[in-house]
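Only one structure is covered here, and it is reproduced in the block below.
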Amino acid sequence: TRLVSSELRIQHCHRYDTFEVAVPSTSQTVSELGKNVTLTCQPQMKWQLQQVTWEKIQPHQIDLLTSCNLSQGSSYTSKYPRQILSNCHQGMRRTFITMPHATASDSGLYRCCFKASTGEIETFVMRLTVTEGE
């Protein structure tokens, strides 16, 4: 796995009316075709988390992949046509999604959004590139 940083500005987090200042950097993950790939996110904010969402940013739309309500410890998995495994439990401070058997169509931008009980939002964006290997 390689990590590459670059500046990226995100102004809106899906399903929220609150605006985010800026995303400090975008990380890049490279995975081989057919491997299980896991994307991980950890907030820097110290407030109590209320909700965590994962989205895939497409050229003309944003697909909601999963949403976790931490106060209830319950998750919602969207009708996105791809198996997505994720964690969701009260008090969690780190989130992940796993996509089994990565395909070329899994390549793209993914965004995780943390919403605190105070209304604060923290957003992270990562790029996944699925390659055919060496």
All but one of (1) within 19 Å of E122 (Cβ to Cβ); (2) at pLDDT below 85; (3) not small (G, A, S) hold for V52, so report the exception by its number. (2)
Test of understanding: among T98, T66, which residue is farther than 16 Å from R127 by Cα, assigned to a strand (DSSP E or B), modelled with pLDDT of 90 or more and β-branched (V, I, T)? T66
So, in the stretch 73-89, of the ones that are part of a loop (DSSP other than H, G, I, E, B) and at pLDDT below 85, which residue ends up nearest to F114 (Cα to Cα)? G73
Which one is surrounded by the fewest Cβ atoms within 10 Å (Cβ to Cβ) among residues in the stretch 19-43 that are modelled with pLDDT of 90 or more and in a loop (DSSP other than H, G, I, E, B)? N36
Looking for something of a type in the set (D, E, K, R), without any contact (Cβ under 8 Å) to a residue 60 or more places away in the chain and touching a strand residue (DSSP E or B) at 6+ places or on another chain (Cβ under 7 Å) - is there at least one such residue anywhere in the stretch 72-92? yes
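Only one residue in T98, T103, T66 is under 19 Å from G34 (Cβ atoms) and under 11 Å from the mean Cα position of the chain (by Cα). Which one?
Just a single option satisfies the conditions, and that option is T98.
If I go through the stretch 104-120 residue by residue, how many of them are assigned to a loop (DSSP other than H, G, I, E, B) and either without any contact (Cβ under 8 Å) to a residue 40 or more places away in the chain or surrounded by fewer than 12 Cβ atoms within 10 Å (Cβ to Cβ) (or both)? Give the steps one after another, and end with the answer.
Step one: of the stretch 104-120, the residues assigned to a loop (DSSP other than H, G, I, E, B) are 107, 117-120.
Retained after the next criterion (residues that are either without any contact (Cβ under 8 Å) to a residue 40 or more places away in the chain or surrounded by fewer than 12 Cβ atoms within 10 Å (Cβ to Cβ) (or both)): 107, 118-119.
Looking only at that region, the number is 3.
The values are calculated or read from the model by the stated rules, or taken from the named source; none is laboratory data. What you are looking at is a predicted structure, and each value in this text was computed from that prediction instead of being measured. Virtual Cβ from ideal backbone geometry, glycine too; neighbours counted across all protein chains shown.
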